[in-house]
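First up is the structure itself, then whatever we jot down about it.
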Amino acid sequence: MIKKVVGASLIGTTVEWYDFFLYGSAAALVFNKLFFPTADPLNGTLLAFTTYAIGFLARPLGGLVFGHFGDRLGRKKLLVLSLLLMGGATMLMGVLPTYASVGVLAPLLLTLLRLIQGFALGGEWGGAVLIVSEHGDSARRGFWASWPQAGVPCGNLLATAVLAVLAAVQSDADFLAWGWRIPFLLSGVLVVIGLWIRLSVSESPVFLAARERLAQEKAPKLEKAPALELLKHNWREVLIAMGARFAENVSYYVITAFILVYVVTGLGLSKSVGLNAVLVASAVHLVAIPVWGHLSDRFGRRSVYLVGAVGMALWIFAFFALLNTKNPVLIMVATTVGLVLHGAMYGPQAAFFSELFGTRVRYSGASVGYQLASIVAGALAPLIATALLQAYKSSVPIAVYVVITCVITVAAIALARETRGADLEERDRVGV
């Protein structure tokens, strides 16, 4: 059963992150020209990344709404709904008119669909990792729960691969005219596959046990507003989750989204250099995440997480130094090592966040902590990095920015308790 649940979560997160990352890549490559045409390419990119950031603003709302109903109705129903919303919004992006056709209406429609994407993704992550965490055993929870996390590089790998193939077989003019629409329309096929697999899994046994216990206690008021219970009793855990996200979230979007801007606009190289680097690095990242998840089962969530945060603070300077060589192989090495270190934070994160909260508020707690950090971390990362590049014409301020986020994450992890091996049902029984 656990393998079936892992497979369903992995395919669902892959589809949803494919949709989400596709937008980020398109924002760096084509949306700046088609929806935000300006004389200065960096200004157009900044505007495109602004709509990219808007999607993150909707994620906490999605986390709150999906978390509320996920803690009341179950994980499975909400996972199906999030997949439908994300896939529908992405397909519609593929048929949007551009600025040249309808003027300002084009970026407005794009922004609306981006908000729907963000809302759906806000509910996806919590449900996907929780249904695996609550099916798996405590001894291997880090490993099993890391697989939905691997949907991130899978989705990025798929999105980048499709864009890389199109860039290789099409002229820049054709890609700009119509080729960019193909990856968005392909989302419909992926959604059908994801739904077929996701509908076949059973509800979380830990959730069902908690709901039965709640019914026996005759205390339905506790499940009316999980978010209120969360903020009253678990605000510290929410803040720890947010702090833990900073370095992981910012470094990821600098490495995978901003790199396309830096390589093309900053270094004057072909977009294929950046796309190929992210493609190879994402393949390695896919393997690294469950490995780090397994290591967190042996050595603890905090220890592995700290390896990633400290390692990223040191590597980010080498990352940009290797990019500045303009050597495609070294750029690939820089990106790959960066994502391996990111995996040390992202691999144990699902189990770590799940173990911070009780079942009655777990969907809300994990989702809200995860998504609130996205507003000030991942949402702003490409914008801040692009603005720093525009202002200073140097990568050093961008590296310093990443280091600051690593310091925040190290502080949050230092304040957290070790959660490895936690018994989720026992925690519910004793009311911790």
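The values are calculated or read from the model by the stated rules, or taken from the named source; none is laboratory data. The model shown is predicted, which means the values in this text are computed figures rather than measured ones. Here the Cβ is made from the backbone with ideal geometry for all residues, glycine too, and neighbour counts use every protein chain on show. What goes into the accessible areas is simple: the full protein's heavy atoms, side chains included, and nothing from ligands, DNA or RNA. Shrake-Rupley method; radii C 1.70, N 1.55, O 1.52, S 1.80 Å.
From the list Thr160, Thr90, Thr98, which residue is touching a helix residue (DSSP H, G or I) at 6+ places or on another chain (Cβ under 8 Å), β-branched (Val, Ile, Thr), modelled with pLDDT of 85 or more and buried (at least 24 other Cβ atoms within 10 Å of the Cβ)? Lay out the reasoning, then the answer.
Working: Thr160 fails: modelled with pLDDT of 85 or more; Thr98 fails: buried (at least 24 other Cβ atoms within 10 Å of the Cβ).
Among Thr160, Thr90, Thr98, only Thr90 is touching a helix residue (DSSP H, G or I) at 6+ places or on another chain (Cβ under 8 Å), β-branched (Val, Ile, Thr), modelled with pLDDT of 85 or more and buried (at least 24 other Cβ atoms within 10 Å of the Cβ).
Here is the figure for segment 232-241: residues that are surrounded by fewer than 23 Cβ atoms within 10 Å (Cβ to Cβ) and within 17 Å of Leu306 (Cβ to Cβ) total 1. The single condition from (1) open to solvent by 10 Å² or more (accessible area, probe 1.4 Å); (2) of a type in the set (Lys, Arg); (3) out of contact with any Asp or Glu (no Cβ under 8 Å at 6 or more places or on another chain) that Arg59 fails is (1).
With respect to the conditions (1) open to solvent by less than 40 Å² (accessible area, probe 1.4 Å); (2) of a type outside the set (A, V, I, L, M); (3) more than 16 Å from the chain's Cα centre (by Cα), Tyr52 falls short on a single one, namely (3).
Pairs linking a residue in segment 260-275 that is closer than 22 Å to Ala391 by Cβ and among the hydroxyl-bearing types (Ser, Thr, Tyr) to a residue that is open to solvent by 10 Å² or more (accessible area, probe 1.4 Å) and at pLDDT below 85, with Cβ atoms under 8 Å and 6 or more positions apart or on different chains, are Thr265/Pro41; Thr265/Leu42. Filtering segment 299-323 to residues that are open to solvent by 20 Å² or more (accessible area, probe 1.4 Å), more than 17 Å from Tyr346 (Cα to Cα) and in contact with a helix residue (DSSP H, G or I) (Cβ under 6 Å, 6 or more places away or on another chain) leaves Phe317, Leu322.
Could you tell me which numbered condition Thr256 fails, if it satisfies all but one of (1) under 17 Å from the mean Cα position of the chain (by Cα); (2) modelled with pLDDT of 90 or more; (3) hydroxyl-bearing (Ser, Thr, Tyr)? (2) is the only condition that Thr256 fails. The numbered conditions (1) over 16 Å from Phe352 (Cβ atoms); (2) part of a helix (DSSP H, G or I) are all true for His135 except (2). Checked against the criterion of being open to solvent by 10 Å² or more (accessible area, probe 1.4 Å), farther than 22 Å from Phe69 by Cβ and in contact with a helix residue (DSSP H, G or I) (Cβ under 9 Å, 6 or more places away or on another chain), the candidates Val361, Val337, Val368 yield just one match: Val337.
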